[in-house]
Amino acid sequence: MPHALPPWRRSFDLDGLSLSKGVQHASAGESVRESLAAGDIKIVFLLDGTLQWGACGEPLLTAGAASVNVCFGAASFDIDNVYRHAGALRYCSLRLSEDYLRATCGLDANALTHRWREPAHGVSHRHHPNESRVMGDWAGDSAVLTRAMSADEWRWASAMASTPETDDADRASTMSSSPGVDAPWQRLALVAQTFEALARCAAFQPTAATPARGESARQVTLRKALLAARDLLDAQLQTPPSLPQLARTVGINVNKLCDGFREQFGTTVHGYVRERRLTQAFALLSARRISVSEAAWQCGYTDSHFSKTFRARFGMLPHTLTREGV
């Protein structure tokens, strides 16, 4: 089995917009309190791990792997995060001020999540909690909510929370809070990715067909095997194991691996490897301390195939990222 992912964090701040992502190692019984200003909204895409969180004295909600967690309020309040068990949490977190959200989208937090309130087909999540993945409640203009990610949200958050693979990326992460370090196009890309996430949140609507949150023991075992398979692929992107090798390592058969991987992560095993290689290459080239040939090699590509695949994914040639002043 692959080792647990090491802790890391990257953050990005503009006036009214904050994005952070990484892997946090929590101790059992640890608790963290943070403040949220009036009108602000916080959205946490939790890929791995479990925590309990809540606000305003309401009962704590349990946020599990592959969940979207949202809170906002008309008045400022504190958010309590409680870690019942030790473990790693892989996440991508957004925080937007009310003024920023209104100026850029013409929305407030209530408008952004209004489709979450009632499932399609007239099925109320208050009366059928197992038929909807939205948990929590609205209280006037405030809300503390959690739900399962969609496949599209999983792909987005997984790419955003990819682990830094080089010292260059680690150095960049330590400087990310310093003004002027990242190039303007990098900041623009992060803003675009942020609003892609907001669009996915606004488009979500629970339905009666949404699977129940509860899992059987067999489903839990399968999900853990799939998460282990994903981590193994992350650790061996240059030379990933074959499907039979991967299935054997995590203790399931190839059919369960392929079908389960697509259901859990919204893509095939090969599609996941391709996307992770490309996002890793993007991160390496963004640091401008590695050549295109080196990035291609570290990501398991030949030079001839790399440029074509990179352009198809990002709409630019990889050499574009190595030029100063872009």
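Which count do you get for residues in the range 237-267 that are of a type outside the set (G, A, S) and at pLDDT below 90?
Going through the range 237-267 one residue at a time, the tally reaches 9.
For residues in the range 201-236 being open to solvent by 60 Å² or more (accessible area, probe 1.4 Å) and polar (S, T, N, Q), which is modelled with the lowest pLDDT?
Out of the qualifying residues, it is Q205.
Looking only at strands (runs of 3 or more DSSP E) that lie completely in the range 55-97, which have at least 2 residues being touching a residue at least 12 places away in the same chain (Cβ under 8 Å) and among the charged types (D, E, K, R)?
It comes to 77-83, 87-96.
When the range 31-54 is examined, which residues are found to be acidic (D, E) and either closer than 17 Å to R84 by Cα or part of a loop (DSSP other than H, G, I, E, B) (or both)?
The answer is D40, D48.
Let me confirm something: among A66, A88, which residue is more than 12 Å from L145 (Cβ to Cβ) and open to solvent by 30 Å² or more (accessible area, probe 1.4 Å)?
A88
Filter the range 292-317 down to residues that are more than 22 Å from the chain's Cα centre (by Cα) and open to solvent by less than 50 Å² (accessible area, probe 1.4 Å), then give me how many there are.
Of the residues in the range 292-317, 8 are more than 22 Å from the chain's Cα centre (by Cα) and open to solvent by less than 50 Å² (accessible area, probe 1.4 Å).
Identify all residues within the range 237-259 that are crowded, with 19+ Cβ neighbours inside 10 Å and outside any loop (DSSP other than H, G, I, E, B); write none if there are none.
Within the range 237-259, L246, A247, V250, L257 qualify.
Note down all Cβ pairs under 7 Å where the first residue falls in the range 140-151 and is under 28 Å from G266 (Cα atoms), the second is assigned to a loop (DSSP other than H, G, I, E, B) and hydrophobic (A, V, I, L, M, F, W, C), and they're at least six residues apart or on different chains.
From the range 140-151, the pairs are L145/V134; R147/V134; A148/A66; M149/A66; S150/F204.
The values are calculated or read from the model by the stated rules, or taken from the named source; none is laboratory data. Everything quoted here is computed from the prediction, not taken from an experiment. Note that each Cβ is placed from the backbone with ideal geometry, even for glycine, and that neighbours are counted across all protein chains shown. Surface accessibility is based on the protein's heavy atoms, side chains included, excluding ligands, DNA and RNA. Shrake-Rupley method; radii C 1.70, N 1.55, O 1.52, S 1.80 Å.
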